[in-house]
Amino acid sequence: MSAGRPVPTGLAVALLAAGLLPAALAVASPAFGWLALATDVAVLALCAVDFLRAPRAQSVRVWRRVEPVLSSGTRNAVHVALERQDTGTAPLHVEVRDEPPEDMASSGHRQSLTLPAARTTPQELTYFVTPPSRGDARFGDVHLRLRGPLGLCARQVRVPATMDVKVYPDLTALTREALALARASDAPSARTQRRRASEGREFESLREYRPGDDYRHIDWKASARHAHTLVRTWQPEQHQPVLLLLDCGRHMAGRIQERRKLDHAVDAALRLARVGLEAGDVVGVLAFASGVRAYLPPRKGREHLRLITESLYRTEAALEESDYGRAFDFAFARQTRRALVVLFTDLVDPDASASLLTRTLALRPRHLPVVASLLDEDVQAAAHGVPVQTQDAYARQAAVRLETEYRRTATTLRDAGALVIRAPARGFGAATLNAYLDVKARGLL
């Protein structure tokens, strides 16, 4: 911990500024000049005395409390605690400035507080950081300004507090409550969503007949044995393979709502993996660009979800073309069972879309492909907006071309039996989840 350096307060600056008034009057009389000089010397002397009497660095104990794993794209709380260590009889005024990672948006990392004269329980300040992307990050030191008793000068000290943290995909979106909201967000009604979740092709149990039940579900033999009408209930099949393919090429390096497209895709993929594993399916992940970046074969269980999270939190978009052929060959040389294949990519580049079409359509009918892409609302607004300036007209022409190319590619995919998802960033995870739940409920896999 440093010994500290003097920092004048606003009061000291105001008093020095007040000394400029007699200095201005020195033109009329030299006596005013001596008065201005005496005022400035007195203020500086009082500042020096105040700095010497200001609390030392050892007067306060400081520590930071933050989770070792943060969630990208969401607010994460950071707590800074201060505890008085001296036996002073006057309150201690402290200004605190923490050093969050440079690329994280932060609010409240500069705060002030007053520690009582007597040593009491620690006081805690809370602020929030929002990591824009996944990866490793580091918090710096904590800076304190300990104000002197006269309020003219403060002692600024640096408290060593560097801390490394990991930034994972949005873990807060994986709670059951968030998943329930996500499932309901795109559904016509919660009742419809609950009904879909109970459908499927795998026998679950027998129950008594209720008015409105489908007569085709009546088990006549069981009804005869029990002397009352019983119907079969069904559930979505389990242990089905779900393979998530993440495009990490240059098209996913663009930003939507201040986050890279790949970050939104990773969040959606992780949420889908969580739901799939909870539903009893086996989930695999493959991240690729010009080559394969990461691969986990389809497995099940909570430990597998942890491995998926670990494999994705450092994945970054590269400024290179994505090789769909190499990724598909790698994945399906190891995947023989029929699988739900969810590809997170972009569908706005004509050349890339042509390669994607060829390889995706080749999956049918053995596998069920789903292509998920983000809707850039700014591009959509430009395509439908009325140009005001010449630059707006060029932007509109480019946006219309991108939208037309997307519709052409999406239509070809749908006509061949693939499912296509396109949703804005704020509803991308929900749209992907609902597509998976719909596939399971309808027994399409």
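Checking each residue in region 107-160 for being more than 25 Å from residue 5 (Cβ to Cβ) and among the basic types (Lys, Arg) picks out 119, 134. Scanning region 368-415 for residues that are under 17 Å from residue 435 (Cα atoms) and either buried (at least 20 other Cβ atoms within 10 Å of the Cβ) or touching a Leu at 6+ places or on another chain (Cβ under 7 Å) (or both) yields 368, 369, 370, 371, 372, 373, 374, 410, 413. Region 200-280 holds strands (runs of 3 or more DSSP E) entirely within its bounds, and those carrying 3 or more residues that are at pLDDT 80 or above and surrounded by 14 or more Cβ atoms within 10 Å (Cβ to Cβ) map to 241-247. Among the residues of region 427-439, is there at least one that is assigned to a helix (DSSP H, G or I) and surrounded by fewer than 13 Cβ atoms within 10 Å (Cβ to Cβ)? No; the residues of region 427-439 include none that is assigned to a helix (DSSP H, G or I) and surrounded by fewer than 13 Cβ atoms within 10 Å (Cβ to Cβ).
Being open to solvent by less than 40 Å² (accessible area, probe 1.4 Å) and of a type outside the set (Asp, Glu) is the filter here; which residues of region 281-293 pass it? Selection gives 282, 283, 284, 285, 286, 287, 288, 289, 291. For region 148-165, give me each residue that is open to solvent by 60 Å² or more (accessible area, probe 1.4 Å) and either at pLDDT below 90 or not basic (Lys, Arg) (or both). Result: 149, 150, 160, 162, 164. In the set 375, 305, which member is under 27 Å from residue 256 (Cβ atoms) and touching a Pro at 6+ places or on another chain (Cβ under 9 Å)? On inspection, the qualifying residue turns out to be 375.
Which residue is least open to solvent (accessible area, probe 1.4 Å), if the candidates are limited to region 294-347 and must be part of a helix (DSSP H, G or I) and of a type in the set (S, T, N, Q)? My answer is 309. More than 30 Å from residue 132 (Cβ to Cβ) and assigned to a strand (DSSP E or B), is that true of residue 369? Yes, satisfied. Taken as a whole, the structure leaves residue 50 outside the set of residues that are farther than 20 Å from residue 116 by Cα and in contact with a Gly (Cβ under 8 Å, 6 or more places away or on another chain). Tell me yes or no: at least one residue of region 376-396 is among the polar types (S, T, N, Q) and under 24 Å from residue 269 (Cβ atoms). Yes: one or more hits. Of all the criteria given as (1) free of Cβ contacts under 8 Å to residues at least 40 places away in the same chain; (2) out of contact with any strand residue (DSSP E or B) (no Cβ under 7 Å at 6 or more places or on another chain), the one not satisfied by residue 334 is (2). Residues that are under 30 Å from residue 271 (Cβ atoms) and of a type in the set (Val, Ile, Thr) within region 54-107 comprise 66, 69, 74, 78, listed in sequence order. Counting only strands (runs of 3 or more DSSP E) wholly contained in region 51-106, the ones carrying 3 or more residues that are open to solvent by less than 30 Å² (accessible area, probe 1.4 Å) and more than 12 Å from residue 131 (Cα to Cα) occupy 60-65, 76-84, 92-98. Scanning region 124-145 for residues being open to solvent by less than 60 Å² (accessible area, probe 1.4 Å), at pLDDT 90 or above and either outside the structural domain of residue 90 (by the TED database) or assigned to a strand (DSSP E or B) (or both) gives a total of 10.
The values are calculated or read from the model by the stated rules, or taken from the named source; none is laboratory data. Note that this is a predicted model, so its numbers are computed, not measured. Glycine gets a Cβ as well: all are built from the backbone with ideal geometry, and neighbour counts include every protein chain shown. Note: areas computed on protein heavy atoms with side chains; ligands, DNA, RNA excluded. Shrake-Rupley method; radii C 1.70, N 1.55, O 1.52, S 1.80 Å.
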